[in-house]
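Asks: Take this structure, written in structure tokens, and hold onto it; I'll ask about it next.
The values are calculated or read from the model by the stated rules, or taken from the named source; none is laboratory data. Source: prediction; values computed, not measured. When we count neighbours, we look across all protein chains shown, and the Cβ atoms used for this are built from the backbone with ideal geometry, even at glycine.
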Amino acid sequence: MITAVIGAQWGDEGKGKIVDYLGRENTLSARFNGGSNAGHWARHNGINMDFHLLPAAALHPRMVCILGRGMAINVRKLEAEIGRAREINPTLQVIVDPKAHVVDDAHIRRDEALEIKRGIGSTKEGIGPCYADRVSRTGKCIGDAPPRDCITLDPYNIIMESAQRGGALICGAHGVMLDIAHGHYPYVTSSGCLPSDVGSGLGINPKKIDHTIGVVKAYSTLIGTGPMPMEMEPDVSDRIREVGGEYGTTTGRPRRIGWIDLPALKYANRVCGFDSLAITHMDVLSGFSSVKVVDAYYDETILSDAASYLKGTAVYHELPGWNNVRDASAMRFQSYIADSVGIPISLISTGPDRDDMIDLR
Ligand code: IMP
Ligand code: MG
């Protein structure tokens, strides 16, 4: 079985938590896109670990972690991250595709200089310049600079064997609205973030993916610049930011916060074809007398176009709030999302720990 976990919003949907939870059902986990601009977070037995390059399932015993050729890898950061993960999980195995690209110090300096001109809120991890060198065919591949403590080989066979026996879990980084082709260009990252990018980024037949989970937070967050027409009033967003710890995992920047955007989620499903949704951060929205969802936009807002989306005026629908994530009103909120997108919900995350989960599968 191959399961893909994909961010359905602007990244930071809580994919790390979902991937860590599903890790026990899989013997292999793989990243196909991005690099250390991503930040995923998992917590188990009181231990927190933030991941930037490894799949967030890396804490499970004997987990085989694959870094695919669609990735842009900072070798020094990868070695440090493997060291931290092995302190918790000494049995971790890491395999890197030799055709993945290397992020070097010059890429980081170029990214910093570009960001001054461009101002999209980049993490300045050197990702854009690394991919620019890749498409210009001047980049350097991992095969020429193999990281320590990893095996460097084409992972195709091991992914397909794991899919047959132990289960393979594919961990997307970022989210649909940050996708280079279908996100809010230019407020996007430089890699493909969709299920259709899994085939290229890992070198597997995309038809072999059995189930694609779209991960969606109970509200919207955006880090960096970019349009956010459903941004909340500061008093509401400040409360959510503190309760939910809504600060960037990579940069520590405060995240901007809005209500959940159902038209954007339907658009994400249009380009991804999710089989189910995982809803995260339900506990963070607890305690409000009512919550809102964006049902539609006035005007002809083009969801994939940043300028048009920015000018969109949201039509909100208000629903009763909840004090406990198992209250009927919380379930009504979840059903409202599932019904409007037309996809069932498989998982509901109710807190930061691995087992804070309602599993509806
Ligand atoms: P870059 O990929 O670091 O150049 O950043 C480009 C844009 O994508 C910026 O707005 C970043 O904040 C955003 N971004 C990149 N990776 C992530 C992520 O994993 N989560 C959320 N935002 C991200
Ligand atoms: Mg993140």
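Asks: Considering only residues of the stretch 25-37 that are out of contact with any Lys or Arg (no Cβ under 6 Å at 6 or more places or on another chain) and more than 26 Å from residue 207 (Cβ to Cβ), which is nearest to ligand 2 (Cβ to nearest atom)?
Replies: Among those that are out of contact with any Lys or Arg (no Cβ under 6 Å at 6 or more places or on another chain) and more than 26 Å from residue 207 (Cβ to Cβ), it is 37.
Asks: Quick test for you: out of 144, 197, 111, 179, pick the one residue that is of a type in the set (Asp, Glu) and more than 30 Å from residue 306 (Cβ to Cβ).
Replies: Answer to the selection: 144.
Asks: Could you check the stretch 45-120 for strands (runs of 3 or more DSSP E) lying wholly inside it with 3 or more residues that are modelled with pLDDT of 95 or more?
Replies: Fully inside the stretch 45-120 and qualifying: 64-67, 93-96.
Let's see how each residue does on (1) modelled with pLDDT of 95 or more; (2) within 16 Å of ligand 2 (Cβ to nearest atom):
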site	(1), (2)
248	no, yes
252	no, yes
255	yes, yes
267	yes, no
286	yes, no
291	yes, no
294	yes, no
299	no, no
303	no, no
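Asks: Taking the condition touching a Pro at 6+ places or on another chain (Cβ under 6 Å) and charged (D, E, K, R), does residue 134 pass?
Replies: Criteria not met by residue 134.
Asks: Now a separate question. Applying the selection to the stretch 198-210, what residues are part of a helix (DSSP H, G or I) and either crowded, with 22+ Cβ neighbours inside 10 Å or over 18 Å from the mean Cα position of the chain (by Cα) (or both)?
Replies: 198, 201, 202, 206, 207, 208
Asks: Sticking with this one: Among residues belonging to the stretch 39-51 that are on the phi < 0 side of the Ramachandran plot and out of contact with any Phe, Trp or Tyr (no Cβ under 8 Å at 6 or more places or on another chain), point out the one that is nearest to ligand 1 (Cβ to nearest atom).
Replies: 43
Asks: Which is hydroxyl-bearing (Ser, Thr, Tyr) and more than 22 Å from the chain's Cα centre (by Cα), of 290, 304?
Replies: 290
Asks: Is it the case that some residue within the stretch 7-17 is within 16 Å of ligand 2 (Cβ to nearest atom) and free of Cβ contacts under 8 Å to residues at least 24 places away in the same chain?
Replies: No, that holds for no residue.
Asks: Here's another thing I want to ask about it. Please report, ordered by residue number, the strands (runs of 3 or more DSSP E) entirely within the stretch 211-264 with at least 3 residues that are closer than 13 Å to residue 14 by Cα.
Replies: Ranges flagged: 211-217, 219-222.
Asks: Please indicate, with yes or no, whether at least one residue in the stretch 23-32 is in a strand (DSSP E or B), modelled with pLDDT of 95 or more, within 16 Å of ligand 1 (Cβ to nearest atom) and closer than 28 Å to residue 245 by Cα.
Replies: Yes, the stretch 23-32 contains a residue that is in a strand (DSSP E or B), modelled with pLDDT of 95 or more, within 16 Å of ligand 1 (Cβ to nearest atom) and closer than 28 Å to residue 245 by Cα.
Asks: Something else about it: Do we have residue 18 as crowded, with 17+ Cβ neighbours inside 10 Å and at negative phi here?
Replies: yes
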